[in-house]
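Undergrad: Take this structure, written in structure tokens, and hold onto it; I'll ask about it next.
The values are calculated or read from the model by the stated rules, or taken from the named source; none is laboratory data. Quick caveat: nothing in here was measured; it's all calculated off a predicted structure. Every residue, glycine as well, gets a Cβ built from its backbone with ideal geometry; the counts of neighbours run over all protein chains shown. Ligands, DNA and RNA are excluded from the accessible area calculation, which covers all protein heavy atoms including side chains. Shrake-Rupley method; radii C 1.70, N 1.55, O 1.52, S 1.80 Å.
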Amino acid sequence: MLHSMTTEPEQQIGVGTRDAFQRLWTPHRMAYIQGENKPTGPGADDGCPFCSIPSKSDEDGLVIARGESVYAVLNLYPYNGGHLMVVPYRHVADYTDLDAAETAELADLTKRAMVALRTASGAHGFNIGMNQGAVAGAGIAAHLHQHVVPRWGGDTNFMPVVGHTKVLPQLLADTRKMLADAWPATI
């Protein structure tokens with residue numbers, strides 16, 4: 001129990017006034033809210049982060065694995081620890097724009113991501129999917145990307161519901177290394 005908890009909740013009058021709540025500040029989320037790293041337009045040359053990531057080192061780009069047509073990268077603004085994305089190198093917006101080789105490799109790297117996440121973190125399940133278009137919730141609608149979000153029994157708590165915040169237990173660089181080390185060569 002918190003040291004300042006009482007049986008009656010205290011009213012918070014203003015910023016800085018002591019009450020029964022402890023605060024968890026996540027200022028890094030403000031970058032996402034304000035649109036940092038979002039493209040200025042739909043083209044590959046309009047600041048698309050998914051087009052610039054492959055030219056970086058794996059560590060700097062948070063790349064976990066590289067294939068011929070697609071790569072796996074940690075989400076810079078994850079929903080859960082280990083949240084990664086499988087992204088085609090080619091700047092395409094829609095799943096139907098992928099050719100057969102890209103579609104097959106996207107599926108293969110998604111399967112490998114699941115194996116790596118189970119191996120490295122003991123994930124119990126996954127949310128896997130794509131948001132096609134801005135109206136469907138795609139943060140970067142101009143460049144297709146598939147989310148792979150690991151889930152664990154009981155992993156939901158009050159933070160996402162009340163604070164619209166996820167508490168992540170590990171730095172992204174450490175998560176990238178852990179998953180890269182667990183990435184299977186084949187399945």
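Undergrad: Find the residue count for segment 55-75, including only residues that are in contact with a helix residue (DSSP H, G or I) (Cβ under 7 Å, 6 or more places away or on another chain) and either without any contact (Cβ under 8 Å) to a residue 60 or more places away in the chain or of a type in the set (A, V, I, L, M) (or both).
TA: 13
Undergrad: Please tell me if Val148 is in contact with a helix residue (DSSP H, G or I) (Cβ under 6 Å, 6 or more places away or on another chain) and modelled with pLDDT under 90. Spell out how you get there, then give the answer.
TA: Details: in contact with a helix residue (DSSP H, G or I) (Cβ under 6 Å, 6 or more places away or on another chain): yes; modelled with pLDDT under 90: no.
It is false that Val148 is in contact with a helix residue (DSSP H, G or I) (Cβ under 6 Å, 6 or more places away or on another chain) and modelled with pLDDT under 90.
Undergrad: Any residue in segment 136-143 that is within 16 Å of the chain's Cα centre (by Cα), among the small types (Gly, Ala, Ser), loosely packed, with under 12 Cβ neighbours inside 10 Å and modelled with pLDDT under 90? Break it down into steps so the answer makes sense when it comes.
TA: Step one: list which residues in segment 136-143 are within 16 Å of the chain's Cα centre (by Cα), which gives 137-141, 143.
With the extra rule that they be among the small types (Gly, Ala, Ser), the set shrinks to 137-139, 141.
From what is left, the residues that are loosely packed, with under 12 Cβ neighbours inside 10 Å are 137.
Still in the list and also modelled with pLDDT under 90: 137.
Within segment 136-143, one or more residues are within 16 Å of the chain's Cα centre (by Cα), among the small types (Gly, Ala, Ser), loosely packed, with under 12 Cβ neighbours inside 10 Å and modelled with pLDDT under 90.
Undergrad: Helices (runs of 4 or more DSSP H) wholly in segment 1-87 with at least 1 residues that are over 21 Å from Met114 (Cβ atoms), modelled with pLDDT under 75 and open to solvent by 100 Å² or more (accessible area, probe 1.4 Å) - which ones? Break it down stepwise before answering.
TA: Values: elements: 28-33, 49-52, 58-61.
It comes to 28-33.
Undergrad: Further, regarding this structure: Taking the conditions exactly as written (in a helix (DSSP H, G or I) and either open to solvent by 50 Å² or more (accessible area, probe 1.4 Å) or within 15 Å of Lys177 (Cα to Cα) (or both)), does Ala101 satisfy them or not?
TA: Working: in a helix (DSSP H, G or I): yes; either open to solvent by 50 Å² or more (accessible area, probe 1.4 Å) or within 15 Å of Lys177 (Cα to Cα) (or both): yes.
So Ala101 passes the test.
Undergrad: Also, quick follow-up: Has segment 125-139 got at least one residue that is assigned to a loop (DSSP other than H, G, I, E, B), in contact (Cβ under 8 Å) with a residue 60 or more places away in the chain and within 30 Å of Thr40 (Cα to Cα)? Let's see the steps before the verdict.
TA: Quick first cut of segment 125-139, residues assigned to a loop (DSSP other than H, G, I, E, B) only: 130-133, 137-139.
After this cut, where a residue has to be in contact (Cβ under 8 Å) with a residue 60 or more places away in the chain as well, the list is 139.
Those left that are additionally within 30 Å of Thr40 (Cα to Cα): 139.
Yes, some residue in segment 125-139 is assigned to a loop (DSSP other than H, G, I, E, B), in contact (Cβ under 8 Å) with a residue 60 or more places away in the chain and within 30 Å of Thr40 (Cα to Cα).
Undergrad: Now for a different question. Looking for something at pLDDT 70 or above and open to solvent by 40 Å² or more (accessible area, probe 1.4 Å) - is there at least one such residue anywhere in segment 155-169? Please lay out each step first, then the result.
TA: Taking segment 155-169 and keeping what is at pLDDT 70 or above, we get 155.
Going one step further and asking which of them are open to solvent by 40 Å² or more (accessible area, probe 1.4 Å), we end up with none.
Within segment 155-169, not a single residue is at pLDDT 70 or above and open to solvent by 40 Å² or more (accessible area, probe 1.4 Å).
Undergrad: Quick check on my filter: what residues within segment 95-124 are of a type in the set (Ser, Thr, Tyr) and either in contact with a His (Cβ under 7 Å, 6 or more places away or on another chain) or touching a residue at least 24 places away in the same chain (Cβ under 8 Å) (or both)? Can you show your working first?
TA: Applying the first criterion (of a type in the set (Ser, Thr, Tyr)) to segment 95-124 yields 95-96, 103, 110, 119, 121.
Residues satisfying the conditions are Tyr95, Thr110, Thr119, Ser121.
Undergrad: Yes or no: Val135 within 18 Å of Leu62 (Cα to Cα) and not small (Gly, Ala, Ser)? If you could, list the steps in order and put the result at the bottom.
TA: Numbers: within 18 Å of Leu62 (Cα to Cα): no; not small (Gly, Ala, Ser): yes.
In short, no.
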